[in-house]
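The values are calculated or read from the model by the stated rules, or taken from the named source; none is laboratory data. All values derive from a computational prediction rather than experimental measurement. All Cβ positions, even for glycine, are placed from backbone atoms using ideal geometry, and neighbour counts span all protein chains on display.
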There are 2 protein chains.
Amino acid sequence: MDREEFCVRRELFDLDDDVIYLDGNSLGAPPRAVAARVAEVVRVQWGRRLIRSWSEGWWEAPQRIGDRIARLVGAAPGQVVVGDSTSVNIFKAMMAAVRGSSGGEIVVDAGTFPTDGYIASSVASLTGLRIRAASPSSLDLSEDTAVVLLNHVDYRTGELYDMARLTEEAHAVGARIVWDLCHSVGVLPIELDALGVDLAVGCTYKFLNGGPGSPAFIYVPTAGQASFENPLSGWHGHAAPFAMEPSYTPDPGVVRARVGTPDILSMLALDAALDVWDDVDLGELRTRGLELTALFRQQVEKLTSLEVITPDSEWRGNQISVRCPDAARVMDELIARNVIGDHRPPDVLRFGFAPLYVRDEDAVRAAEVLAEITR
Amino acid sequence: MDREEFCVRRELFDLDDDVIYLDGNSLGAPPRAVAARVAEVVRVQWGRRLIRSWSEGWWEAPQRIGDRIARLVGAAPGQVVVGDSTSVNIFKAMMAAVRGSSGGEIVVDAGTFPTDGYIASSVASLTGLRIRAASPSSLDLSEDTAVVLLNHVDYRTGELYDMARLTEEAHAVGARIVWDLCHSVGVLPIELDALGVDLAVGCTYKFLNGGPGSPAFIYVPTAGQASFENPLSGWHGHAAPFAMEPSYTPDPGVVRARVGTPDILSMLALDAALDVWDDVDLGELRTRGLELTALFRQQVEKLTSLEVITPDSEWRGNQISVRCPDAARVMDELIARNVIGDHRPPDVLRFGFAPLYVRDEDAVRAAEVLAEITR
């Protein structure tokens, strides 16, 4: 698949022609198929089939859609389920990782997206562990480290961390590692199974385009399923949910990571959104992502005096972050001119490049508009 | 509002004429307004406004819609937020209720819907408390009771419990009480504020018709908000979420009960669904619910020899449960004849009566079909 083939994919998205959408790292654009699918779910599945739809596909949707995502994160089927928010899944993963571990500390990357750190703190408080923030370049792990929680891509800088090396580093001291894939799924090939990752979570509304607040996912590898203890032991994770037994017996497999009744409209919107991934080669996607971000960087450095803080190496996600005083106002002006990115405090402009719908000319034009505004 | 006015409301729902839908206690029927609203959310809010929609109504939706539900549960504004599943909200409520309590046991009603008991067990295990199942008619509370978790309506029998008396009973020994309103919200007037309830949760996809898996709600009264400690301390509950601070400072109000990014499609479908409640008088609704369930009971007792296990008093929800050997097969036959209820193990047929769209003739005809099948 070459550049032209990727560009053709923009037709699969319901995006206005004059919009340069560079915020797919926050909320992906809507694939065209979603609107019709959601209408069908409301009018036919809910309206005509009513309660029967639960046994006609709804109940199993979290694991069926989980398997679709599994391919994108290098996981064999039966190890990913979809449901709940990323924060809730981080809680499940961290609680499960801490239990049965003997270390006394949780390590979180210092630049973590806030919710990861907040949830990890709650887990530390509930389990009596200490929490420590550290840079992935010097985690300083020890045998006292119980669990390491890392973001695969830094949400502010766009830096990509080395999953292979850091997973090995955690395992070398007997710690477990939980990866947050929010900013890397749908960006590059990920190899959870091959790298022996203990647990992972990710969201589906960024590069996977599942829609606002579409449910997150959790990866529990087969080998870890029997010992995965879900603190949110809701009935959807039960081995026999409709037996309505008084005591909780978890499903033997990944289904034990489910909790309560999933949000079917959001879930099946995601299902429709995933269709655009069916024939995407992740290696080619990665190449296009690097091309687009390189092009934008080059243009920004040529046309402006702003500092690009995203690493100038392959250790980056599909994002270019630019340091800019008055970032909020500059982004407002960019958006007013149909170049849509976002900003993060105190002074970072973020531009996401989703190769499925962002074109070379978008990257060039966005840099031009940025230069005009900041000159 | 008289019976005719209630019957007119069926027009607000997208239900086939020949369907007798008596499973609104499991999945409410779709209000007609939902399909158009969801289409607008996908095509306009997501498709055209993209990320901007977060600051154009999405972010505040959980508390805005919470306030709409507040009216239905006797709560002043600013005490209810919508989001996550019922199971997740039970976890939040129970963890928050247990912390800061000195008792050693959690008491759960013996007939609880399974997920409540499962989650309460997890909370007990995490906090080192014991868990005890007891009948609401003899809870046997003591000063050692930390928290009582009760279902307002029993999901199997349809029995309604006395919220005023049981709340008083818990408070008399210094225990906190958490009410599960899944089967009572949208059924009868509830007076959370007036009764001094400590915490409550409920779902929105049964009598509120929010759609399959629409998000649940949690009630945290004003007086209890400052001490409400959310174990799921996600960034949406932060006092300043976009400051992206490294440490968690909860919002001063009910927003602290939020966790992660809410499922906007399901959330705004619920918002549209709630429109049908705007001019419903809950007292009149209750009267109609009692009429419908009385009529169905009378017909079942006249036409069949089956035992109705729902209390023959006002202590019932909008549900009639019938003991029936071979309940699964009988329900399949009912559904094949367009009388849609459900069954619960081992031998209970359940029929829900949502006065907004169930008519007297539906209750009569359903009993006739049941009699024909079981004669």
Check your understanding: Residue check: is B:Arg10 out of contact with any Pro (no Cβ under 9 Å at 6 or more places or on another chain) and outside the structural domain of B:Leu270 (by TED's automatic domain parsing)?
Key -> yes
Practice item. State yes or no: is A:Val201 of a type in the set (Val, Ile, Thr) and more than 14 Å from A:Ser142 (Cα to Cα)? Key: yes
Study note, to complete from the structure: Condition set in contact with a strand residue (DSSP E or B) (Cβ under 9 Å, 6 or more places away or on another chain) and part of a helix (DSSP H, G or I), scope segment A:169-183, selection surrounded by the most Cβ atoms within 10 Å (Cβ to Cβ): answer is A:Ala170
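Is there a residue in segment B:184-196 that is farther than 20 Å from A:Arg258 by Cβ, within 14 Å of chain A (Cβ to nearest Cβ) and crowded, with 24+ Cβ neighbours inside 10 Å?
To start, the set of residues in segment B:184-196 that are farther than 20 Å from A:Arg258 by Cβ comprises B:184-196.
Narrowing the set further to residues that are within 14 Å of chain A (Cβ to nearest Cβ) leaves none.
Scanning segment B:184-196, I find no residue that is farther than 20 Å from A:Arg258 by Cβ, within 14 Å of chain A (Cβ to nearest Cβ) and crowded, with 24+ Cβ neighbours inside 10 Å, so the answer is no.
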Exercise for review: Answer yes if at least one residue in segment B:348-359 is modelled with pLDDT of 95 or more, more than 23 Å from the chain's Cα centre (by Cα) and not aromatic (Phe, Trp, Tyr), and no otherwise.
Suggested key: no
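Outside the structural domain of A:Trp315 (by TED's automatic domain parsing), of a type outside the set (D, E, K, R) and more than 20 Å from B:Asn230 (Cβ to Cβ): which single residue out of A:Leu139, A:Leu129 fits that description?
A:Leu139
What are the residues in segment B:226-244 that are touching a residue at least 40 places away in the same chain (Cβ under 8 Å), part of a loop (DSSP other than H, G, I, E, B) and not acidic (Asp, Glu), if any?
B:Ser227, B:Phe228, B:Asn230, B:Pro231, B:Leu232
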Exercise for review: Could you tell me which numbered condition A:Thr304 fails, if it satisfies all but one of (1) surrounded by 15 or more Cβ atoms within 10 Å (Cβ to Cβ); (2) closer than 20 Å to A:Ser26 by Cα?
Suggested key: (2)
Revision key, fill the gap. Note on A:Lys206: of the conditions (1) surrounded by fewer than 24 Cβ atoms within 10 Å (Cβ to Cβ); (2) within 23 Å of A:Val34 (Cβ to Cβ); (3) among the basic types (Lys, Arg), unmet is (1)
Review point. Mind checking whether some residue in segment A:29-43 is at pLDDT 95 or above, within 14 Å of chain B (Cβ to nearest Cβ), under 18 Å from A:Cys182 (Cβ atoms) and in contact with a strand residue (DSSP E or B) (Cβ under 6 Å, 6 or more places away or on another chain)?
Key: yes
Check your understanding: Are there any pairs with C-beta distances below 6 angstrom linking a residue in segment A:154-171 that is outside the structural domain of A:Ile320 (by TED's automatic domain parsing) and within 17 Å of A:Gly289 (Cβ to Cβ) to a residue that is in a strand (DSSP E or B) and of a type in the set (Lys, Arg), with the two at least 6 apart or on different chains, and if so which?
Key -> A:Gly158/A:Arg316; A:Leu160/A:Arg316
Review point. Applying the selection to segment A:208-223, what residues are closer than 26 Å to A:Asp263 by Cβ and more than 14 Å from chain B (Cβ to nearest Cβ)?
Key: A:Tyr219, A:Val220, A:Pro221
Check your understanding: Do the conditions hold for A:Val82, that is, is it within 27 Å of B:Arg256 (Cα to Cα) and aliphatic (A, V, I, L, M)?
Key -> yes
Review point. Out of segment A:44-63, which residues are crowded, with 17+ Cβ neighbours inside 10 Å and either within 7 Å of chain B (Cβ to nearest Cβ) or hydroxyl-bearing (Ser, Thr, Tyr) (or both)?
Key: A:Trp46, A:Gly47, A:Leu50, A:Ile51, A:Ser53, A:Trp58
Revision key, fill the gap. Residues of segment B:161-177 being of a type in the set (A, V, I, L, M, F, W, C) and farther than 11 Å from B:Ala146 by Cα, in sequence order, are B:Met163, B:Ala164, B:Leu166, B:Ala172
